[in-house]
1. Kindly indicate the residue of region 189-238 that is touching a Ser or Thr at 6+ places or on another chain (Cβ under 6 Å) and free of Cβ contacts under 8 Å to residues at least 24 places away in the same chain and also nearest to residue 56 (Cα to Cα) among those meeting that condition.
2. Take region 110-143 and flag every residue that is within 22 Å of residue 172 (Cα to Cα) and in a loop (DSSP other than H, G, I, E, B).
3. Is region 25-34 home to any residue that is acidic (Asp, Glu) and either more than 22 Å from the chain's Cα centre (by Cα) or assigned by TED's automatic domain parsing to the domain that holds residue 200 (or both)?
4. Name the residue, out of 23, 59, that is outside any helix (DSSP H, G or I) and surrounded by 15 or more Cβ atoms within 10 Å (Cβ to Cβ).
5. Taking the residues in region 26-56 that are of a type in the set (Val, Ile, Thr) and in a helix (DSSP H, G or I) as candidates, determine which candidate is nearest to residue 197 (Cα to Cα).
6. Would you be able to tell me the number of residues in region 17-28 that are touching a helix residue (DSSP H, G or I) at 6+ places or on another chain (Cβ under 9 Å) and not hydrophobic (A, V, I, L, M, F, W, C)?
7. Got at least one residue in region 194-208 being outside any helix (DSSP H, G or I), of a type in the set (S, T, N, Q) and surrounded by 15 or more Cβ atoms within 10 Å (Cβ to Cβ)?
8. Out of curiosity, is residue 186 touching a Leu at 6+ places or on another chain (Cβ under 6 Å), at pLDDT 85 or above and under 30 Å from residue 60 (Cβ atoms)?
Amino acid sequence: MIPPVPSRRDAIADDLRDRIATGRLKPGDCLPSEAHLAAQYMVSTPTLRNALAVLQAEGLVEKVHGKGNFVRHPLRRITYMGGDRTLNTHIVDLAPLSVTVHTTRVRARGHLAALLKMPTGSPLTELLCLGYEGERPHSLARIYVPCDLAPAAALRESLPYEAVVTRLMELRPPLAEVREEISVRLPTPEEASTLRISSALAVLAITRQTADTAGRVVEAALLVLPGDRADALFATHYVPDERSAKG
């Protein structure tokens, strides 16, 4: 069977990808202008831009408006730890990053009210955590906690991220259950703008719901991790059946 002939878009993306992988194009290098590349590959400008969009979605190339297309520096990868180990508050290991925390008071509405199983309008403390690698936004997390468990005043913005995590653990009751919903999707315009990523780059979107021993939902977290720098690891501890063990 004759293999399909790659489209011009894919052939151009393959060639540029190979030049990046072999070091002929190095991190930080500015690619030739789109007009020059279109002439070099003998294609229209829209076809050339479609090829660049493929590399942008893979995180290999970024377009800086007014300056051109650049080969991206390798990004530090972050791992979401799922499974039954998620009773730990550290939903993502952000230790290698610098993290800004913005605390505000909001009201539970729509999806948030349903997620936290609270009446519409109930007061919440929102923690907007934005991780940075250098000056580049790297990850986004919104954490919501009922105000009676974590008053905004108790989570001062002057506190570093690690101190905020520790404070949350001190304020809330013992945990018993974590439910996680994982999906891969395109970012919303707000997410793409906040993370400075292409709207064509898929993100790992994680909704995490945490309940205490009484069954009350005490925390909800909405995480957005760009697909070019995120991994997810899930671990389940197997408990042997006593009857099987006796047999």
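The values are calculated or read from the model by the stated rules, or taken from the named source; none is laboratory data. Quick caveat, the model's predicted, so the values are computed rather than measured. Cβ atoms come from the backbone with ideal geometry, glycine included; neighbour counts cover every protein chain shown.
1. So, considering only residues that are touching a Ser or Thr at 6+ places or on another chain (Cβ under 6 Å) and free of Cβ contacts under 8 Å to residues at least 24 places away in the same chain, the one nearest to residue 56 (Cα to Cα) is 192.
2. Correct list: 117, 118, 119, 120, 121, 122.
3. Checking region 25-34: at least one residue is acidic (Asp, Glu) and either more than 22 Å from the chain's Cα centre (by Cα) or assigned by TED's automatic domain parsing to the domain that holds residue 200 (or both).
4. Sole residue among the options that is outside any helix (DSSP H, G or I) and surrounded by 15 or more Cβ atoms within 10 Å (Cβ to Cβ): 59.
5. If we take residues in region 26-56 being of a type in the set (Val, Ile, Thr) and in a helix (DSSP H, G or I), then 54 is nearest to residue 197 (Cα to Cα).
6. Qualifying residue count for the region: 4.
7. Yes - at least one qualifying residue is present in region 194-208.
8. Answer is no for this residue.
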